[in-house]
1. Whole-Hz ³J(HN,Hα) for each residue in the stretch 115-120, computed from phi via Karplus 6.51 cos²θ - 1.76 cosθ + 1.60 with θ = phi - 60°, x for glycine and proline: what do you get?
2. Pop a pseudo-label 7 angstrom from the Cα along the beta-carbon direction at both GLN216 and HIS20 and give the gap in nm to one decimal.
3. If the label point is 7 Å along Cα→Cβ of THR233, which residues in the stretch 88-128 have backbone nitrogen under 11 Å from it?
4. Starting from one equal scatterer on each C-alpha and no solvent at all, send me the Debye-based log10 I(q)/I(0) for the stretch 53-110 at q = 0.12, 0.16, 0.21, 0.27 Å⁻¹, two decimals.
5. Computed FRET efficiency, Cβ-Cβ of SER4 and ASP163, R0 41 Å: what is it to the nearest 0.05?
6. Relative contact order for the chain using alpha-carbon pairs under 8 Å, separation at least 6, rounded to a whole percent?
7. Counting every Cα pair in the stretch 2-231, what percent are over 29 Å apart?
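Here, each number is a calculation from the coordinates, and none is a lab measurement. Computed from a predicted structure; not experimentally measured. Methodologically, a virtual Cβ is constructed for each residue, glycine included, from the backbone with ideal geometry; neighbour enumeration extends over all protein chains shown.
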Amino acid sequence: MSFSSDGFRLSGTLHLPGIHQPPVVVGSHGLLSSGSSPKQIEMARQCSANGMAFFRFDHRGCGQSQGGKADATDFNGRCRDLQSAINFLRNKYDLNPRTGMFGSSLGGAVCLSVAAATRIHALVTVAAPLDSNSLIDSAQGVVPAGLSADMALSPRFRFDLSDSLYAISNLLIFHGENDLVVPVSHALKLFEKAGHPKKLVIQENGDHIMSLLVHQQSFMQESLLWFSAILKTK
């Protein structure tokens with residue numbers, strides 16, 4: 001299916017659990033990834049099996065959606081994509097108004113930005129950066145993979161969420177202890193500033209992409225419990 005955001009046609013897939021008016025979780029993928037990333041697909045499968053809808057989509061410039069590489073690095077544009085996805089679902093489908101979001105890496109930052117500005121009932125992030133400068137600083141001056149220096153330093157890519165974190169609650173945070181892309185200090189700061197309820201999981205010896213199977217399994221189990229406890233409440 002497709003929907004529009006700032007004139008871009010974005011591609012998405014809605015996974016339904018086969019029950020009346022299920023709550024929905026909307027996914028936001030990482031930089032230059034897509035809605036077909038392994039985490040998005042597995043989260044969709046698990047949510048559907050546990051009575052919740054899941055919507056995964058490709059941000060502008062990614063996957064099957066319209067836009068170029070420069071559009072894919074437009075942080076505010078990505079935030080509008082996510083808000084457009086939520087509005088699309090609420091207007092077109094007979095879903096429970098209780099809405100969750102899941103985002104990894106840059107997608108987690110996008111979710112945090114949108115959650116601070118709109119009504120979201122539950123949120124799970126993985127390795128989410130809180131500001132764009134740290135993505136470059138943590139790589140010791142090397143820009144993130146897939147980006148040119150011009151893109152990484154472009155005003156369209158710049159963001160800093162530090163002053164809006166207090167408005168976020170119902171938040172479950174995952175971060176790898178040995179993340180070399182987004183330092184674990186981002187997770188600690190996010191947990192400190194966010195409102196209650198909140199929970200922080202630092203994965204021992206974990207990396208940015210959550211490559212260890214034991215971390216993947218515990219992440220999925222805890223995320224489903226978090227979403228179920230909040231979104232499926234009568």
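1. 5, 6, 10, 9, 7, 10
2. Reported label-point gap for GLN216 and HIS20 is 3.8 nm.
3. So the set is 121-122.
4. With one equal scatterer per Cα and no solvent, log10 I(q)/I(0) is -0.30, -0.52, -0.85, -1.22.
5. 0.85
6. The normalised contact order for the chain reaches 18 percent.
7. 19 percent
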